[in-house]
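Participant: Structure incoming, see below.
The values are calculated or read from the model by the stated rules, or taken from the named source; none is laboratory data. Here the structure is a predicted model, which is why all the values come from computation and not from measurement. Counting neighbours? That spans all protein chains shown, and the Cβs are built from the backbone with ideal geometry, glycine included. To get the accessible areas, we keep the full protein, side chains included, count just its heavy atoms, and leave off ligands, DNA and RNA. Shrake-Rupley method; radii C 1.70, N 1.55, O 1.52, S 1.80 Å.
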Amino acid sequence: MPHQGTPVGRVHALYRYPVKSTSGQALGTAAATPSGLDHDRRWAVYTHDGGIASGKRTRRFRPVPGLLDWTSELDGHDGVPLLRSPAGVPYRVDDPAASEALTAGFGQALVLKQGTTLQHHDESPLHLLTTSSLAALAELLGGAVEERRFRPNLVLDTGSAPLFLERDWAGGELAIGDDVIITVDAGMPRCTMIDQPQAGVGAGPKALKALALHNGLEFGVQARVDRIGAISVGDLVTLRDTAS
């Protein structure tokens, strides 16, 4: 019985990002797979030294400022994403013209590649936020906070729950809808990307400093899929009693 446990909210929004570090698309329904939401971050932009274009520099990632101004989406036909420039010009990601447009736009050699054994996710296959924590952060910042700034996969409507409630779910299981079960892992570390504007979303009040002061530079939680299936906006979410 997936919903044995404590109800904690409902699915408020779903997002996927077909090309990593670009602005993605909102969904009404999505398939949850062992690698996260289907088609999420399956493609990425690579730099000349083999790094994955991102908003930060690590062993795997390379900063490419401005990539968030590009958008990616699936049109529902053959599973190949479309990449759109800030001017709205569409490119199929498997067309060399897409990599050529990125190279010309950023003044450096960039190429689009599909993920293989190397995963494009930063920390985990799924990233989850709650509306109660978004509201708490907005109160700390003294202004509205746009959820898309944090690039979540799932946003749960948790009403007026306690501050950063999702931290207490670490190690637990959430049942979503009729089929899907996910395990909640550690908090999601944040970086400067959350303070950068992206296509359709203004920068808003800067959040990174507030999160450093009040939540150890984390916001939302990491998660992974234990039971695959469909997730839809409005689905009931329960914290499972794993002993039952």
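Matching residues to (1) modelled with pLDDT of 95 or more; (2) open to solvent by 50 Å² or more (accessible area, probe 1.4 Å); (3) closer than 17 Å to Y17 by Cβ:
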{"position": "T130", "(1), (2), (3)": "yes, no, no"}
{"position": "G143", "(1), (2), (3)": "no, no, no"}
{"position": "N153", "(1), (2), (3)": "yes, no, yes"}
{"position": "T183", "(1), (2), (3)": "yes, no, no"}
{"position": "G216", "(1), (2), (3)": "no, yes, no"}
{"position": "A223", "(1), (2), (3)": "yes, no, yes"}
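Participant: In addition: Please enumerate the residues belonging to the range 67-85 that are within 22 Å of the chain's Cα centre (by Cα) and exposed (fewer than 13 other Cβ atoms within 10 Å of the Cβ).
Facilitator: D75, G76, G79
Participant: Right, something else. Anything in the range 165-177 that is out of contact with any Gly (no Cβ under 7 Å at 6 or more places or on another chain) and on the phi < 0 side of the Ramachandran plot? List them, or say none.
Facilitator: Those that are out of contact with any Gly (no Cβ under 7 Å at 6 or more places or on another chain) and on the phi < 0 side of the Ramachandran plot: L165, D168, W169, A170, G172, E173, L174, I176.
Participant: Mind counting the residues in the range 17-67 that are over 17 Å from Y91 (Cβ atoms), part of a loop (DSSP other than H, G, I, E, B) and out of contact with any helix residue (DSSP H, G or I) (no Cβ under 8 Å at 6 or more places or on another chain)?
Facilitator: Result for the range 17-67: 15.
Participant: Follow-up. When you check Q108 against the structure, is it at pLDDT 95 or above, open to solvent by 60 Å² or more (accessible area, probe 1.4 Å), polar (S, T, N, Q) and part of a loop (DSSP other than H, G, I, E, B), yes or no?
Facilitator: Considered against the rule, which asks whether it is at pLDDT 95 or above, open to solvent by 60 Å² or more (accessible area, probe 1.4 Å), polar (S, T, N, Q) and part of a loop (DSSP other than H, G, I, E, B), Q108 comes out as yes.
Participant: When residues of the range 42-65 are filtered for being touching a Phe, Trp or Tyr at 6+ places or on another chain (Cβ under 9 Å) and open to solvent by 30 Å² or more (accessible area, probe 1.4 Å), how many remain?
Facilitator: Looking only at that region, the number is 2.
Participant: So, one more: Please go through the range 1-26 and pick out each residue that is surrounded by fewer than 21 Cβ atoms within 10 Å (Cβ to Cβ), closer than 15 Å to G234 by Cα and either of a type in the set (S, T, Y) or within 13 Å of the chain's Cα centre (by Cα) (or both).
Facilitator: A13, A26
Participant: On to the next question. Among the residues of the range 72-98, how many are without any contact (Cβ under 8 Å) to a residue 40 or more places away in the chain and either part of a helix (DSSP H, G or I) or hydroxyl-bearing (S, T, Y) (or both)?
Facilitator: 5
Participant: As an exercise: evaluate G234 against (1) surrounded by fewer than 19 Cβ atoms within 10 Å (Cβ to Cβ); (2) in contact (Cβ under 8 Å) with a residue 24 or more places away in the chain; (3) farther than 19 Å from S132 by Cβ and give the number of the one condition it does not meet.
Facilitator: In the conditions (1) surrounded by fewer than 19 Cβ atoms within 10 Å (Cβ to Cβ); (2) in contact (Cβ under 8 Å) with a residue 24 or more places away in the chain; (3) farther than 19 Å from S132 by Cβ, G234 misses (3) alone.
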